[in-house]
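Scroll down for the structure; my scribbles are underneath it.
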Amino acid sequence: MSTINNAADATLHTITVVVNGHPESTTATTLQAWVEARGVQPAGLATAVNGNFVPRSLRAQQPLAEGDTILTFQPIEGG
């Protein structure tokens, strides 16, 4: 009897999102996972999903779905 690893199959689900105007395939299920997969420092990247700003503290709770639009930009610091 063979065993099927359903957990591994679930993690390989690929979606297409639009990042700064360009389609991109990803297996990330949250914005946090997507940022981590890019290998950038989270503090050096501001993000929005579908036009809504997502602060770093909420990226892990922000799900990604097929067709979502992600905008990345440098955070603005002022005084």
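Assorted remarks:
- Each of the peptides 48-57, 63-72 was scored by the mean count of other Cβ atoms within 10 Å over its residues; in descending order, highest first, they stand as 63-72, 48-57.
- Efficiency of FRET between T14 and I76 - r from beta-carbon atoms, R0 22 angstrom, step 0.05: 0.10
- Inter-label distance, nm, simple model (7 Å from Cα along the C-beta direction), R56/T69: 2.6
- For peptides 30-39, 15-24, sequence by mean Cβ density within 10 Å, most packed first: 30-39, 15-24
Any read-out appearing in this document is the output of simple, stated calculations on the displayed coordinates, not a laboratory observation. In this text, all values refer to a predicted model and were calculated from it rather than measured experimentally. All Cβ positions, glycine included, derive from the backbone under ideal geometry; neighbour counts span all protein chains shown.
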